[in-house]
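Here is the structure we will look at, set down as structure tokens.
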Amino acid sequence: MRRGSQVPPTVRADVLRRDRGCLGARLPGTCSGGLELHHLTNRSQGRDDTPDNLLTLCSAHHRWVTENPAEATERGFSVPGWVHDDPDLWLVAIDWAFTRRCNATYTQPPWNI
């Protein structure tokens, strides 16, 4: 979790319990460091600290996602900020992102269809 982040403790606990560890198993590198919360869409792009916008990564994979935004989005670890403006598209996008993180088969993101 980025320093200064104010994810409410109850939300943080819920997300950590839901994810049961780092979700970056399909990302390059090995898990290392503590667990951190990652925003699928940054708060600066209009999303908030709700569980549907958060996932758990180890610090190594969180750093990789931050340093490789295009590939992170392609792999389902980020969702473009403008997608949240359409509530129906946001629901489809987070479902796609979840499926993409769990399945190596590439499918077109819903915002490209």
Worksheet entry | Among (1) closer than 24 Å to LEU89 by Cβ; (2) at pLDDT 95 or above; (3) among the small types (Gly, Ala, Ser) - the single one ALA13 does not satisfy | (1)
Worksheet item: Would you say ASP52 is acidic (Asp, Glu) and touching a Pro at 6+ places or on another chain (Cβ under 8 Å)?
Response: no
Practice prompt. Go through segment 66-90 residue by residue and tally those that are at pLDDT 85 or above and either polar (S, T, N, Q) or assigned to a helix (DSSP H, G or I) (or both).
Written response: 12
Fill in: Output for segment 91-105, where each listed residue is touching a residue at least 12 places away in the same chain (Cβ under 8 Å) and assigned to a loop (DSSP other than H, G, I, E, B)
ALA104
Fill in: Residue within segment 18-40 that is within 22 Å of ASN112 (Cα to Cα) and in contact (Cβ under 8 Å) with a residue 24 or more places away in the chain present
yes
Discussion item. Can you tell me which residue is surrounded by the most Cβ atoms within 10 Å (Cβ to Cβ) among those in segment 91-110 that are modelled with pLDDT under 80 and hydrophobic (A, V, I, L, M, F, W, C)?
Written reply: CYS102
Fill in: Positions within segment 36-52 being within 13 Å of the chain's Cα centre (by Cα) and either modelled with pLDDT of 90 or more or in a loop (DSSP other than H, G, I, E, B) (or both), in sequence order
GLU36, LEU37, HIS38, HIS39, LEU40, THR41, ASN42, ARG47, ASP48, ASP49, THR50, PRO51
Response to the item:
Only one of ARG63, ARG12, ARG17, ARG26 is part of a helix (DSSP H, G or I), basic (Lys, Arg) and surrounded by fewer than 15 Cβ atoms within 10 Å (Cβ to Cβ), namely ARG17
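The values are calculated or read from the model by the stated rules, or taken from the named source; none is laboratory data. Because the structure is a prediction, the values reported are computed rather than measured. Methodologically, a virtual Cβ is constructed for each residue, glycine included, from the backbone with ideal geometry; neighbour enumeration extends over all protein chains shown.
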